[in-house]
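Enquirer: Could you have a look at this structure, given as structure tokens, before my questions?
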Amino acid sequence: MRVGVSMSHISLYNENAVIHALRRLGSTSQTEIARATGLSVQGVSSIVRTLTADGLVKEVGREPVARGRPRVIIDIVADARYAVGVHVDPSVMSTVVLDLRGSVVTSLASEKVYPEDPERSIEVAASLVQGALESAAIDERFVLGTCLAVPGPLQAKSGSIVDTVWLPGWTGFPLGEVLGAKLGMRVPVVKDTLAAVIGENWVRAGESLESTMVFVYVGMGTGVGLSLNGEAVRGFSGNAGEVGRMLLALGRSTPRAVDGLDNDPAILVETAHAAGVLEGSAPHREDLKQVDHQFRRLCHLADQGDGSARAILQAAAARIAEMAVMTTDLFDADTVVFGGPYWELVRPFYEPAAIAALDQPSARGPHPVSVLTTAMKHDVGAIGAASVVLDDRYVPRAPRSWNSTYSI
């Protein structure tokens, strides 16, 4: 249902529109902001005074003009506000603190993730958050909040995992509620693929805020994040981007593949053992540390020219490329971004396959697609989670999001 708005909501919306313009344009003048937002120069001037008083923007220089006084150039104050993100990967938990520009101020990680004991794991998460804030000596008055990103799918209302191969004991556990109680704040829980695409838009900013983006997340599992004109597609229940059925529809590339999962490191490791590429018996899929170790070994062998190892990764690359093409065609996307814990390992195989596939003629006509590596480097999930906090507070959007939890 469409709803009305109050004057205070309009004021907040316009303030966020100015901040959003600065993220798109970089440091610029009030005239350029007015042109980008559709606000009057006088209106922008008033908003800038408010944001300056709040410490969110500042003058960074002056630009001479042909006639009259020089234009004042303003920009976002990066250290005006902070956000905390926690990402639970099946094998490692990471925490970052981001500033308002999306730069990492500090980060911590722990391998103490307990697949059958979510409460003990959340205690670790709380310690990481507290440790990160203390190490950065950040005044907590300027911390907007914390968000937790986990492998999906999620139950929308409770913020609990519905089901996951990698964290079987976590199903139904109220992750956000428990972590929030330990930290003394509300902690929303999102899928790591959703966090990733929100983070990409926040950290990359610039032209990405006007693109239609497909973010391919490459970790212990494979997922997709989507955004249209810089706005993440969450879906009805917050679970947009599940691609298991799509990969299954593409067919199994090896006899050992299960339910379309044969791009996951555990399956690729099993395939490598069955082919004699890796010695000994394959580790149990639940033994994530061994899966991680042996997957890195497989990628190393492929990099060194082992033909059988390369064939395994090239088959996986072909499937990922086809999935990327299908998703790009469906959403008429102009940008595909790859990232996640294992992206740099598989990049020599996945990236050329994706570029070649996306260069093929499409029913959409001649439409170039940019293939990029994430701007977030390796901490995609945690940076993405922190970006959810910033996105919720400072992106201008429809009234249903204006009752933001994150306000100072």
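The values are calculated or read from the model by the stated rules, or taken from the named source; none is laboratory data. Because the structure is predicted, anything quoted here is derived from the model rather than measured. Cβ: placed from backbone, ideal geometry, glycine included. Neighbour counts: every protein chain shown. Just the protein is used for accessible areas: all its heavy atoms, side chains included, with ligands, DNA and RNA removed. Shrake-Rupley method; radii C 1.70, N 1.55, O 1.52, S 1.80 Å.
Enquirer: So in segment 75-92, with the set limited to residues that are crowded, with 21+ Cβ neighbours inside 10 Å and modelled with pLDDT of 95 or more, which one is farthest from residue 135 (Cα to Cα)?
Expert: Filtering first and then ranking leaves 76.
Enquirer: Same structure again: If you go through segment 168-184 one residue at a time, do you hit one that is modelled with pLDDT of 95 or more, over 20 Å from the mean Cα position of the chain (by Cα) and more than 17 Å from residue 87 (Cα to Cα)?
Expert: Within segment 168-184, one or more residues are modelled with pLDDT of 95 or more, over 20 Å from the mean Cα position of the chain (by Cα) and more than 17 Å from residue 87 (Cα to Cα).
Enquirer: Another question, then. If a residue must be open to solvent by 50 Å² or more (accessible area, probe 1.4 Å) and closer than 14 Å to residue 205 by Cβ, how many such residues does segment 18-52 contain?
Expert: 4
Enquirer: Please name all residue pairs, on different chains or six or more residues apart, with Cβ atoms under 6 Å, provided the first residue is in segment 300-326 and is at negative phi and among the polar types (S, T, N, Q) and the second residue is open to solvent by 10 Å² or more (accessible area, probe 1.4 Å) and in a helix (DSSP H, G or I).
Expert: Hits for this filter: 314/349.
Enquirer: Might you let me know whether segment 19-29 holds any residue that is without any contact (Cβ under 8 Å) to a residue 40 or more places away in the chain and not in a helix (DSSP H, G or I)?
Expert: No, the conditions are met nowhere in segment 19-29.
Enquirer: From the list 120, 141, exactly one residue is modelled with pLDDT of 95 or more and out of contact with any Ser or Thr (no Cβ under 9 Å at 6 or more places or on another chain). Which is it?
Expert: 120 is the lone residue from the list that is modelled with pLDDT of 95 or more and out of contact with any Ser or Thr (no Cβ under 9 Å at 6 or more places or on another chain).
Enquirer: Could you look through segment 100-109, keep only residues that are open to solvent by 20 Å² or more (accessible area, probe 1.4 Å) and either of a type in the set (Ser, Thr, Tyr) or touching a Phe, Trp or Tyr at 6+ places or on another chain (Cβ under 7 Å) (or both), and pick out the one that is nearest to residue 26 (Cα to Cα)?
Expert: Ranking the candidates gives 103 first.
Enquirer: Which of the residues that make up segment 53-65 are in a strand (DSSP E or B), at pLDDT 95 or above and open to solvent by 80 Å² or more (accessible area, probe 1.4 Å)?
Expert: Within segment 53-65, 58 is the sole residue that qualifies.
Enquirer: Taking interchain pairs and intrachain pairs at least six residues apart, which have beta carbon atoms under 9 angstrom, with the first residue in segment 50-76 and farther than 11 Å from residue 29 by Cβ and of a type in the set (Asp, Glu) and the second open to solvent by less than 80 Å² (accessible area, probe 1.4 Å) and in a helix (DSSP H, G or I)?
Expert: As it stands, the answer is 54/15; 54/80, since those pairs meet every condition given.
Enquirer: Kindly provide the set of residues from segment 267-307 that are acidic (Asp, Glu) and either at pLDDT 95 or above or open to solvent by 40 Å² or more (accessible area, probe 1.4 Å) (or both), ordered by number.
Expert: Across segment 267-307, the qualifying residues are 279, 286, 287, 303, 306.
Enquirer: What strands (runs of 3 or more DSSP E) lie completely within segment 66-160 and have 1 or more residues being out of contact with any strand residue (DSSP E or B) (no Cβ under 6 Å at 6 or more places or on another chain) and within 17 Å of residue 177 (Cα to Cα)?
Expert: 143-150
Enquirer: Scan segment 115-142 residue by residue and report those that are open to solvent by 10 Å² or more (accessible area, probe 1.4 Å) and under 14 Å from residue 385 (Cβ atoms).
Expert: Of everything in segment 115-142, just one residue is open to solvent by 10 Å² or more (accessible area, probe 1.4 Å) and under 14 Å from residue 385 (Cβ atoms), namely 128.
Enquirer: If you go through segment 147-164 one residue at a time, do you hit one that is among the β-branched types (Val, Ile, Thr), at pLDDT below 90, within 20 Å of residue 242 (Cβ to Cβ) and open to solvent by 10 Å² or more (accessible area, probe 1.4 Å)?
Expert: Yes - at least one qualifying residue is present in segment 147-164.
Enquirer: Give 197, 187 a once-over and let me know the one that is of a type in the set (A, V, I, L, M, F, W, C), surrounded by 16 or more Cβ atoms within 10 Å (Cβ to Cβ) and in a loop (DSSP other than H, G, I, E, B).
Expert: 187
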